[in-house]
Amino acid sequence: MNNIAWATDIHLDRLTERDYSEYKEYLQELNPDCLVISGDIAEGEFVCKALRDFNDWLDFPVYFVPGNHDFYFSSFAEAEKNVREVVGQSANLQWLSEKGIVKLNNSTALIGIEGWGDARNGTLNLSEASSRDVLSIGDYKGLSREEISELLKTKGDHYAEMLRPVLLEAVENYKNVILVTHVPPFVEACFDRSLRIIGEFKQPFYTCKAIGDMLLEVMTANPECRLTVLCGHTHEKADVKILENLRVRVKESGYGSWWDATIIELDKL
């Protein structure tokens, strides 16, 4: 492979039928070696519809991780079950969290994990910065503030633990590793519309410190490997060097219109 197309927070359920059709045609005409999507494909039943459409329309592999919106109007377990069934019936779709390591070329590997805002950065204050997640995902129903905080931390830890062995194997065998995740692992990569670091009441939902801490540990111990993290969630562009060998990129996005994919040339990582 020579290049990949990167899209994120495409929120296809917010598009008009015409825009949705145009976006699929745009991706097909772009014709990259593969497409990676770092979450927030759609909401509710439209998630699986969009994945099936991508499988049927596109002539290249699609590697993705779900974002928080992809679990809306469902539960974590039910949404994962539905996505797993679609992927199992598809030729072009790969759920990176369950795929493991994807060899892009002799020096570059692709891995992925969802990530989750884990309430470890900032101040969790639901009365001032309540996430739509709490209202739209069934697992939060009836939980107290303390129980929500614990659930967020548990989700962050779960994804960090899933990712660790995959990352360790990848950095041992490849010079460059691309990690696709939805939630930025570091506050430094989370900007608001004024291009300032997001406020303390949003940070609990907008960053996954458990993954960030694990990335710092692994990449500090493996200076010969370069890790590029591709994420979304904030909708605001960022490109931050956390370590000499750890770069975090967040792609711009929005609601109600589609955004061009970003082409990443593997030989320029």
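The values are calculated or read from the model by the stated rules, or taken from the named source; none is laboratory data. Source: prediction; values computed, not measured. Glycine also receives a Cβ, built like all others from the backbone with ideal geometry; neighbour counts cover every protein chain displayed.
One residue stands out among those in region 29-67 that are surrounded by 24 or more Cβ atoms within 10 Å (Cβ to Cβ) and of a type in the set (Val, Ile, Thr): the one that is farthest from LEU104 (Cα to Cα), which is VAL47. A single member of LEU215, LEU230, LEU243 is touching a Pro at 6+ places or on another chain (Cβ under 8 Å), hydrophobic (A, V, I, L, M, F, W, C) and at pLDDT 95 or above, and it is LEU215.
Going by what's in this entry, would GLU200 be described as charged (D, E, K, R), touching a residue at least 12 places away in the same chain (Cβ under 8 Å), over 23 Å from ARG145 (Cβ atoms) and out of contact with any strand residue (DSSP E or B) (no Cβ under 8 Å at 6 or more places or on another chain)? Against the criterion (charged (D, E, K, R), touching a residue at least 12 places away in the same chain (Cβ under 8 Å), over 23 Å from ARG145 (Cβ atoms) and out of contact with any strand residue (DSSP E or B) (no Cβ under 8 Å at 6 or more places or on another chain)), GLU200 does not qualify.
ARG18 falls short on exactly one of the conditions (1) without any contact (Cβ under 8 Å) to a residue 12 or more places away in the chain; (2) within 19 Å of ILE137 (Cβ to Cβ), and that condition is (2). Scanning region 175-187 for residues that are surrounded by 22 or more Cβ atoms within 10 Å (Cβ to Cβ) and in a loop (DSSP other than H, G, I, E, B) yields a count of 6. Based on this model, can you work out whether HIS158 counts as closer than 24 Å to GLU80 by Cβ and in a helix (DSSP H, G or I)? For HIS158, the condition - closer than 24 Å to GLU80 by Cβ and in a helix (DSSP H, G or I) - is met. Report, by residue number, each residue of region 14-26 that is more than 19 Å from the chain's Cα centre (by Cα) and either crowded, with 20+ Cβ neighbours inside 10 Å or not polar (S, T, N, Q) (or both). If the condition is that a residue be more than 19 Å from the chain's Cα centre (by Cα) and either crowded, with 20+ Cβ neighbours inside 10 Å or not polar (S, T, N, Q) (or both), then LEU15, GLU17, ARG18, ASP19, TYR20, GLU22, TYR23, LYS24, GLU25, TYR26 are the ones that fit.
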